[in-house]
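The values are calculated or read from the model by the stated rules, or taken from the named source; none is laboratory data. Just so it is clear, the structure is predicted and the values come from calculations on it, not from any experiment. Here the Cβ positions follow ideal geometry from the backbone for every residue, glycine too, while neighbour counts run over all protein chains shown.
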Amino acid sequence: MPRGIYKRGIIHRKFHSRETKRKIGLANKGHKHTREFSEKLRLRMLGKKIHISPHTEETKRKISQNRKGKGKHIHKKTLLYGYKKQDERNDSAYQNWSKQIKIRDEWKCRINNNDCFGKVIAHHILSWRDFPELRYKINNGITLCQHHHPRKRIDETKLIPFFQGLVEVK
């Protein structure tokens with residue numbers, strides 16, 4: 001969405017300060033456009049609808065060759081490690097586990113004090129990554145609000161005995 005104030009179909013934008021204009025001018029000093037680019041720019045200023053690309057034909061060809069077969073967007077990890085991350089937490093088994101934990105805890109934070117706020121989250125007591133055999137076990141889950149959900153791995157490991165005690169109580 002464009003920024004600015006709309007007035008009778010014209011977009012009024014904030015303009016650069018004199019200092020900013022001076023810095024832009026100094027940065028562009030000595031830069032020369034090619035004749036072809038200058039001609040396109042001149043025609044554009046006269047009102048002709050011409051697409052101006054800063055890339056040469058050779059550069060465009062190289063970009064095209066580089067992008068072939070890759071699609072529009074490639075995830076960073078796919079480029080770095082050659083694999084696409086599978087979203088295992090989006091499958092039906094995980095959704096079912098999360099719902100069962102929340103039903104067991106009556107959709108309330110198990111710590112349940114005056115600090116509670118935010119939506120409730122089904123949290124793995126023993127981590128998802130380190131204990132794959134316990135991923136979908138009901139006794140390995142606890143319902144926490146956003147305030148009480150641990151944000152760091154160190155906090156998570158310190159709280160394991162406390163969370164296990166809360167689950168055993170019920």
Output for Cβ contacts, cut-off 6 Å, separation at least six or different chains, first residue surrounded by 10 or more Cβ atoms within 10 Å (Cβ to Cβ) in segment 27-46, second modelled with pLDDT of 85 or more and not charged (D, E, K, R), reads none
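Name the residues in segment 125-147 that are within 19 Å of residue 106 (Cβ to Cβ) and touching a strand residue (DSSP E or B) at 6+ places or on another chain (Cβ under 9 Å), would you?
Going through segment 125-147, the residues within 19 Å of residue 106 (Cβ to Cβ) turn out to be 125, 138-147.
Across segment 125-147, the qualifying residues are 125, 140, 141, 142, 143, 144, 145, 146.
Yes or no, residue by residue, for (1) closer than 17 Å to residue 155 by Cα; (2) surrounded by fewer than 16 Cβ atoms within 10 Å (Cβ to Cβ); (3) small (Gly, Ala, Ser); (4) not assigned by TED's automatic domain parsing to the domain that holds residue 165:
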site	(1), (2), (3), (4)
104	no, no, no, no
123	yes, no, no, no
126	yes, no, no, no
132	no, yes, no, no
135	no, no, no, no
142	yes, no, no, no
Considering segment 1-39, residues that are among the basic types (Lys, Arg) and modelled with pLDDT of 85 or more, and then whichever is nearest to residue 50 (Cα to Cα), we arrive at 35
Yes/no for residue 113 being assigned to a loop (DSSP other than H, G, I, E, B), of a type outside the set (Asp, Glu), assigned by TED's automatic domain parsing to the domain that holds residue 164 and surrounded by fewer than 13 Cβ atoms within 10 Å (Cβ to Cβ):
yes
